[in-house]
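A short write-up of the structure that comes next.
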Amino acid sequence: MKVFVCMNSIPLEVLQTLGHLEIIKASAAAGADGIEIRRELLGSDDTLEKLGALCRELNLDIYYSAPDFLIGTNHQMNEIGFKRLAREADELGAELLKMPLGNYDFFKTDMFRMNEVLVENLQNRELKITIENDQTLGGGNVNRIAHFLSRTEKLDIPIRLTFDTGNWLYTEEVPMKAAKDLAGYVDYIHLKQVKREKEEWVTEPVSLPLQPDVIELMERFSGTCPRAIEFPVTLENVETYISHMKMERGVSHERA
């Protein structure tokens with residue numbers, strides 16, 4: 001099982017001070033297998049080619065994430081945005097592109113056109129596409145996501161799911177139920193722990209050792225499915241978290 005470090009798990013002030021290149025080096029030294037580059041965190045001095053070259057030099061897998069919706073407010077595929085992101089993912093050398101679902105409509109969204117756009121833009125590219133359950137009522141609804149993914153599967157449209165364990169709470173869904181309904185579509189997992197503070201959810205560091213409910217949730221997915229740290233870590237403790245996440249499969253087998 002591979003463990004990724006998301007760039008948004010590093011404190012923003014540290015990322016801005018040290019820069020992406022140094023954070024990537026530190027993550028590799030801590031034992032990470034991959035890096036998730038976040039488009040919204042890229043600065044004017046960051047070039048996708050340099051970031052990708054360093055990741056390859058350090059033998060790190062590369063995933064690319066963007067906040068742009070796959071499906072726009074008109075309930076149709078965000079073609080312009082997707083084409084731009086596919087080009088950028090190509091420049092980066094990413095193996096996976098992740099986007100939030102957006103405004104999918106059971107009846108209005110043209111899935112055939114979506115497939116055409118994917119075929120046109122993914123020719124000769126080994127690029128996986130996933131949607132992620134986000135913190136919006138539309139993009140974080142289990143039934144809506146399940147309906148969309150069942151249609152992509154039936155129509156042989158190459159879109160899978162990034163399962164964010166914490167985002168379900170923002171949309172009043174139950175993570176374990178979501179895992180039961182969606183596990184078959186999942187290619188990538190964001191591990192996140194959130195707690196309620198006053199009137200909002202706040203992401204916090206995952207408890208160590210990993211708690212039984214977290215291990216039980218992870219057991220719903222394939223043991224080869226990559227996991228990502230998407231909770232606050234420091235350069236001093238990220239190695240500890242990576243080590244515990246890699247041990248998780250062994251712990252689950254012992255419990256079995």
Notebook entry, point to check: Hey, what's the Cα Rg ratio for segment 1-123 versus the globular rule of thumb, 2.2 N^0.38 Å?
Noted result: 1.16
Notebook entry, point to check: So what is the relative contact order for the chain, in percent, with contacts set as C-alpha pairs under 8 Å and at least six apart?
Noted result: 21
Check: When you take every Cα atom in segment 1-44, what is the radius of gyration, and what is Dmax, the widest Cα pair distance, in Å?
Finding: 10.1, 34
Margin query: Could you compute the longest span of the chain free of chymotrypsin sites (Phe, Trp or Tyr not before Pro) located in DSSP loops and having at most 13 other Cβ atoms within 10 Å, not counting the site residues?
Written below: 108-256
Notebook entry, point to check: Expressed as a whole percentage, what fraction of the accessible surface of segment 142-191 belongs to carbon and sulfur atoms when a 1.4 Å probe is rolled over the protein heavy atoms?
Noted result: 47
Item checked: Kirkwood Rh (inverse of mean 1/r, distinct Cα pairs), segment 40-94, angstrom -> 12.4
Item checked: segment 33-183: relative contact order as a whole-number percent, Cα under 8 Å and 6+ apart -> 19
Check: Length gain on complete extension for the stretch Asp181 to Glu116, per 0.36 nm per residue less the alpha carbon to alpha carbon distance?
Finding: 20.6 nm
Next item on the list: Might you tell me the accessible area per residue for segment 176-239, computed with a 1.4 Å probe and given in Å²?
Entry: 50
Note to self: Taking the solvent-accessible surface of protein heavy atoms with a 1.4 Å probe, what is the per residue accessible area of segment 16-113 in Å²?
What the structure shows: 46
Next item on the list: List the relative contact order of segment 125-207 as a percent without decimals, with contacts defined as Cα pairs under 8 Å and 6+ residues apart.
Entry: 28
Margin query: Starting from the Kirkwood Rh over alpha-carbon pairs, what translational D in µm² s⁻¹ does segment 59-182 have by Stokes-Einstein at 20 °C and 1.002 mPa s?
Written below: 146
Check: To two decimal places, what compactness ratio does segment 129-204 give when its Cα radius of gyration is scaled by 2.2 N^0.38 Å?
Finding: 1.10
Next item on the list: Along Cα→Cβ, 7 Å out, is where each label goes; now give me the distance between the ones at Lys246 and Leu42 in nm to one decimal.
Entry: 2.9
Check: On the accessible surface of segment 50-121, probed at 1.4 Å, how many percent belong to carbon and sulfur atoms?
Finding: 51
Next item on the list: Heavy atoms only, probe 1.4 angstrom, no DNA, RNA or ligands counted: give me Arg87, Arg38 ranked by accessible area, highest first.
Entry: Arg87, Arg38
Check: In the chain, what is the count of Lys pairs whose alpha carbons are under 16 Å apart, counting only pairs at least 8 residues apart or on separate chains?
Finding: 6
Checklist line | Per principal axis, descending, Cα span of the chain in whole Å | finding: 48, 42, 38
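The values are calculated or read from the model by the stated rules, or taken from the named source; none is laboratory data. These figures come from a predicted structure and were not determined experimentally. When we count neighbours, we look across all protein chains shown, and the Cβ atoms used for this are built from the backbone with ideal geometry, even at glycine. What goes into the accessible areas is simple: the full protein's heavy atoms, side chains included, and nothing from ligands, DNA or RNA. Shrake-Rupley method; radii C 1.70, N 1.55, O 1.52, S 1.80 Å.
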